[in-house]
Amino acid sequence: MDFSFTDEQRMIAETAQSFFAENATSKRTREAMATDGFDRETWQSFCQELGLGGIIIPEEYGGAGLGNVELAIIAEAAGAQVAALPLLNLAISSAMIAAGGTEAQKQKWLPRLISGEVIGAAAGNDTVKYDGHKLNGSFEFVPHGNVTDIFVLAHPDQAWIVEKGAPGLSVETATTMDQTRPLSTVILDNVEGEPFADFLPAMHASQSAAWLCLAAEALGGAQACLDRTVEYSKERVQFGRAIGSFQAYKHRAADMMIEIEQARSAVYWAACAVDEGSDDVKLALHAAKAFCSDTFFKCAGDMIQLHGGIGFTWEHDAHLFFKRARSIQTLLLDGNWHREQVATMILGEAA
Amino acid sequence: MKLGFSKAEEDFRAECADWLTGQMAGEFSDIKGIATLTAKAERRKEWEQQLAAHKWSCIGWPTEWGGRGASLAEQVIFAEEYARAGVPGRVNHIGIELAGPTILTFGTDEQKKRFLPDIAAGKTIFCQGFSEPNAGSDLASVRTKARLEGGKWVVNGQKIWTSLAHISDWIFVIARSEEGTKGPKGLTFLMMPIDQPGIEIRGIKQINGDAEFNETFFTDATCAEDSLIGAPGEGWRIAMGLLAFERGVSTLGQQMGFRNELDEIIAAAKANGSANDPLIRQRIAKAEIGLHLMRYGALRMLSNTDHSKVDGAALTYKIQWASWRRSLGELGMDVLGQAGEVTDNPDYDWGTLPNLFLYSRSDTIYGGTNQIQRNLIAERALGMPREPRGDT
Ligand SMILES: Cc1cc2nc3c(=O)[nH]c(=O)nc-3n(C[C@H](O)[C@H](O)[C@H](O)COP(=O)(O)OP(=O)(O)OC[C@H]3O[C@@H](n4cnc5c(N)ncnc54)[C@H](O)[C@@H]3O)c2cc1C
């Protein structure tokens, strides 16, 4: 038992933090927001120069063969910059293919997803229809569906790969409040899907990758809200003193930190639980997703309040965090749902 | 980063669990599950001695002072199994968790020999004389005076809220030893035997009917010249070092106690049907999640061996658990409903959950109130500007 980063993990964290800080700048993110919510330049550098796209994917498919702790480290660093990147997409789609795709699917798609050559997305529901040959139905709120090249689509007992441009597939993208991660509707009208070899492991892999990634992203975002607020509080002067010296202000910052430190424990507990195959892995993932997204939302809201008028402007980055936080709260099931899963584990189903 | 324990550590866990459950099923079954700090104090002193006799008292201490030199993981495991077995809290927890480590870190060899084995053996029960009527959160404004006279320290003044003073053998105090000083300067950290005419103890009844804390009066009370830790005038440094020990391994044992409390709430909710209420389900899930996050927060804090800088995360721990537990007390009452507000016990002696509800109001006060914790977090961990003092 040693619940602290190894030297290697600390190095990855430092590398990732400086990479996203230098590349996923507010300027680039805002350029992406004005178009399709995808900061291609940063993504290309991330996949190719940093080479950390396939963090949990085995080396034989072009991945780094590392664990979920490292995945969380990367997502946390990206979240701190509200980077407009399909990192979540990559994590879920590649994890699903690696866990349950056919050998041919793995060979074909994993190296290309990891290198950034193609963008993946994953979506699942229980309403899509499959008649043995064709898929019919739709998937709503698919993150970065607007820039996706291959979709990993799932219903409760199978998953398929469908390529962009497949006959009968259409993608509609509405204006999304969080412009760093547009949400699309994927419509299937007699679309041919290429089935997975092994569905169940893919589904488990998708849950851990998705919830962990979102939780870690939220943690990074929340910490950034606090850091930026504290910095501002030392510079801004009112009533002849730095606003950070007012106790009401300090206490609110302290409350942010108290939540953030718990969120940090949640993320790395869940990451270790997945890597170590612990009994409490489900509990850990639900806890991490629910707790971290609430923490991020609280911190992002407080960030606006503690900046005053400037925090309400389009120009200031506070709204990027606030909107991302809101989107993480509902993406891949909300906090109430995750807590209800926990409640069911300890209390049984409600009568 | 790794959370799992090794095979050897799991074996150690089984050994701890075996011994502890054996004791609670056998010779010490009469103290199993006691939740308050004071009930059956005499029997619990015997339990301290039993622990020591089997070298389970202070396993993290070096072997020469009655410990086992146990690893961090082993201490974690023991603390968890201790509470899981329903063993009541240590009556000498102040000796074991505060006085002992303080003597170990700042004491002379003489003092280590004199005190450590007896603390470990449950023969010297310590209490903490820091707070005074006019020095609570603002601890540095203590007024109790100490002067050296005829080869002895002579102490005059009053302490308050002294937990367990009535069952203790020794008290450590901070007192002003330099005339005319103010604040943290001029304080001395002294250890004093309680059984002497100059020390008078009066119990204070608490909101739960128990009287765990006391007023402690010093009227020409004395202790030997070498009963101080550190040098005269260094008391503040020692006191602050001591308070840092409160964030040690024992927090994990404390959490297992919380586990038992939450389990009691879960059982009550299932029994009376409130487990079907969606809001109660959310709150129980939140409490469950919070409990796990506390455990992993403590493991992070303990795994952090870089003591060169302030561990900001560790500063968040006290308010985290205190607030969690206070909410747990409220949740317990909400689960019980009005049934929680009555008892057929004529002595105002409450069951676990109503007592938790009442007692947990103090968790956010002692050991630094929630407000003081937030000040510390903001100023020490986040580096925000300090509050100006009113009197300087
Ligand atoms: C059950 C229990 C056991 C205890 N056991 C011991 C013991 O064994 N030994 C011992 O020495 N002491 C003990 N204490 C005392 C405890 O440490 C003090 O009660 C605590 O430090 C608060 O001091 P106070 O009671 O004087 O409150 P005050 O300091 O007067 O505080 C009153 C209120 O003012 C707030 N406040 C004070 N200063 C500030 C500030 N700077 N900013 C914002 N708000 C502020 C506080 O948060 C609180 O809400 C115990 C207390 C309790 C309840």
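Measuring how big the protein assembly as shown is from its alpha-carbon positions, Rg and Dmax come out at 29.0, 100 Å. Straight-line cross-link partners of B:K270 among the lysines, defined as a Cα under 19 Å from its Cα and at least 8 positions apart when in the same chain: B:K286. Shielding by partners for peptide A:259-271, expressed as the average number of C-beta atoms from other protein chains within 10 Å of each residue's C-beta, is 5. Taking N as the residue count of the stretch B:301-365, its C-alpha radius of gyration divided by 2.2 N^0.38 Å amounts to 1.58.
Calculated from the alpha-carbon coordinates, the stretch B:126-233 shows an Rg and a Dmax of 13.3, 45 Å respectively.
Other residues within the sphere of radius under 11 Å centred on the Cβ of B:P184, judged by their own Cβ, net out at +2 (K and R +1, D and E -1).
Amide H to amide H, with H built 1.01 Å from N, A:R236 comes under 5 Å of A:I243, counting only residues 5 or more places away or on other chains. In summary, the lysines within cross-link reach of A:K106, defined as a Cα separation below 23 angstrom excluding same-chain residues under 8 places away, comprise A:K134, A:K164.
Label-to-label distance, A:M177 versus B:A8, with points set 7 angstrom from Cα along the beta-carbon direction: 5.4 nm.
Any idea what % of Cα-Cα pairs in the stretch A:1-144 are farther than 18 Å?
Everything past 18 Å amounts to 60 percent.
Evaluated at q = 0.11, 0.14, 0.16, 0.28 Å⁻¹, a Debye calculation over the C-alpha positions of the stretch A:131-196 (equal weights, vacuum) places log10 I(q)/I(0) at -0.24, -0.39, -0.50, -1.28. Net charge of the neighbourhood of B:E341, taken over other residues with C-beta under 14 Å away and scored Lys/Arg +1, Asp/Glu -1, is -3.
For B:K159, the lysines whose Cα falls under 17 Å of its own Cα, not counting residues fewer than eight places away in the same chain, are B:K145, B:K205. Put simply, the Cα atoms of the stretch B:276-387 extend 54, 30, 24 Å along their principal axes, the longest span coming first. Using the alpha carbons alone, the radius of gyration of the stretch B:7-91 stands to its Kirkwood radius in an Rg to Rh ratio of 0.96. Here, the stretch A:201-350 has an Rg and a Dmax of 17.3, 61 Å when only alpha carbons are counted. On C-alpha positions alone, give me the angle between the axis of helix B:278-303 and the longest principal axis of chain B, in degrees, nearest 10. With rounding to tens, the tilt is 40 degrees.
For the protein assembly as shown, what proportion of DSSP beta bridges, expressed in % and rounded to the nearest 5, is antiparallel? Don't skip to the end; give the middle numbers.
Numbers: 55 of 66 bridges.
Here the antiparallel bridges make up roughly 85 percent for the protein assembly as shown.
Summarising the amide proton neighbourhood of B:I171: residues at separation of 5 or more, or on other chains, whose placed amide H is nearer than 5 Å comprise B:C127, B:M192, B:I194. More than 31 angstrom separation, counting every C-alpha pair in chain B; what % is that? Result: 40 percent of Cα pairs exceed 31 Å. What the Kirkwood sum gives for the stretch A:11-54 is a hydrodynamic radius of 10.8 Å, with every pair of different alpha carbons counted. Charge tally for B:S141 (other residues, Cβ to Cβ under 12 Å; Lys, Arg +1; Asp, Glu -1): +2. Here is the result for the stretch A:111-220: no GluC sites (Glu not before Pro) lie in DSSP coil with at most 10 other C-beta atoms within 10 angstrom of their C-beta. Dividing the C-alpha radius of gyration of chain A by 2.2 N^0.38 Å, with N its residue count, gives 0.99.
When you have a sec, figure out the Kirkwood radius of the stretch B:165-301 from all distinct Cα pair distances and drop it here in Å to one decimal? It works out to 19.1 Å.
No lab work stands behind these numbers, since they all come straight from the coordinates. Note that the structure is predicted; figures quoted are calculated from it, not measured. Glycine also receives a Cβ, built like all others from the backbone with ideal geometry; neighbour counts cover every protein chain displayed.
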